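Working notes for the structure below.
The values are calculated or read from the model by the stated rules, or taken from the named source; none is laboratory data. All figures in this text were calculated on a predicted structure; none of them were measured in a lab. Here the Cβ positions follow ideal geometry from the backbone for every residue, glycine too, while neighbour counts run over all protein chains shown. For accessibility, only protein heavy atoms count, side chains too; no ligands or nucleic acids. Shrake-Rupley method; radii C 1.70, N 1.55, O 1.52, S 1.80 Å.
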Amino acid sequence: MRMSIAGGAVAMLFPAIASFAAGGATMKITSSAFHEGANISSKFTCDGSDTSPPLQIAGVPPGAKSLVLIVDDPDAPGGLFTHWLIWNIPPHTNSIAEGSAPKGVQGANDFGKSGYRGPCPPPGTHRYSFKIFALDRELELGSGAKRSQVDAAMKGHVIAQGELVGRYARKK
């Protein structure tokens with residue numbers, strides 16, 4: 001039963017994510033701390049200092065009014081798990097320093113807190129997706145909003161997006 005609920009939740013998310021990309025251009029999000037598909041250093045996880053990795057953003061289209069940053073784990077046992085959620089990031093933002101948050105509004109992650117919480121998976125290797133979205137408007141949501149609210153507010157307003165995926169498995 002648990003797997004069917006998780007599977008259903010993931011199946012419902014794919015059309016929502018696909019609708020974000022409809023007609024959107026590609027942006028680039030990278031990190032000097034890890035490369036696409038590579039392992040994330042324990043420094044950026046619950047096994048280390050749990051600080052956010054440095055991120056670089058490129059290819060923001062000229063018409064962007066704001067950016068949204070979402071970090072999640074699609075391999076979590078209960079389904080998609082959000083680690084960081086920030087919106088209304090100024091569109092001229094091209095880097096986020098290690099251990100800091102960009103200007104913007106922070107939402108509630110799935111730990112029930114605001115701000116970055118790094119990978120902390122149960123046994124096995126999990127993928128962690130760092131997604132950047134350029135929107136044609138700012139979102140009218142207050143701090144602490146949940147992922148479902150941000151996803152709904154973004155729908156139809158994404159003009160470009162990018163993704164960086166890293167992996168992590170706990171040693172303990």
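If the condition is being under 14 Å from the mean Cα position of the chain (by Cα) and on the phi > 0 side of the Ramachandran plot, then segment 114-172 contributes only GLY115.
Working only within segment 130-172, note down all residues that are of a type in the set (S, T, N, Q) and without any contact (Cβ under 8 Å) to a residue 24 or more places away in the chain. Within segment 130-172, SER148 is the sole residue that qualifies. The strands (runs of 3 or more DSSP E) found entirely in segment 39-103 that carry 3 or more residues being within 13 Å of the chain's Cα centre (by Cα) are 66-73, 81-89.
Which of (1) open to solvent by 50 Å² or more (accessible area, probe 1.4 Å); (2) in a loop (DSSP other than H, G, I, E, B); (3) under 23 Å from ASP47 (Cα atoms) does ARG127 not meet, given it meets every other one? Going through (1) open to solvent by 50 Å² or more (accessible area, probe 1.4 Å); (2) in a loop (DSSP other than H, G, I, E, B); (3) under 23 Å from ASP47 (Cα atoms) one by one, ARG127 breaks only (2). Assessment of segment 108-119 against the conditions (within 19 Å of THR26 (Cα to Cα) and buried (at least 16 other Cβ atoms within 10 Å of the Cβ)) yields no matching residue.
Could you go through segment 154-161 and let me know if any residue there is in a helix (DSSP H, G or I) and at pLDDT 95 or above.
First, the residues of segment 154-161 that are in a helix (DSSP H, G or I): 154.
After this cut, where a residue has to be at pLDDT 95 or above as well, the list is 154.
Among the residues of segment 154-161, at least one is in a helix (DSSP H, G or I) and at pLDDT 95 or above, which makes the answer yes.
Identify, from the list PRO74, PRO62, the residue that is closer than 24 Å to LYS155 by Cβ, out of contact with any helix residue (DSSP H, G or I) (no Cβ under 7 Å at 6 or more places or on another chain) and touching a residue at least 60 places away in the same chain (Cβ under 8 Å). Walk me through it before giving the result.
Working: PRO62 fails: touching a residue at least 60 places away in the same chain (Cβ under 8 Å).
PRO74 is the lone residue from the list that is closer than 24 Å to LYS155 by Cβ, out of contact with any helix residue (DSSP H, G or I) (no Cβ under 7 Å at 6 or more places or on another chain) and touching a residue at least 60 places away in the same chain (Cβ under 8 Å).
Every residue, every condition in (1) over 28 Å from LYS171 (Cβ atoms); (2) at pLDDT below 95, yes or no:
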| site | (1), (2) |
| --- | --- |
| THR51 | no, no |
| PRO77 | no, yes |
| ILE86 | yes, no |
| THR93 | yes, no |
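Considering only segment 146-157, how many residues are closer than 13 Å to ALA134 by Cβ and open to solvent by 10 Å² or more (accessible area, probe 1.4 Å)?
Start the filter on segment 146-157 by keeping residues that are closer than 13 Å to ALA134 by Cβ, which leaves 154, 157.
So of that shortlist, the ones also open to solvent by 10 Å² or more (accessible area, probe 1.4 Å) come out as 157.
Count: 1.
With respect to being over 20 Å from THR125 (Cα atoms) and not polar (S, T, N, Q), GLU98 fits the description.
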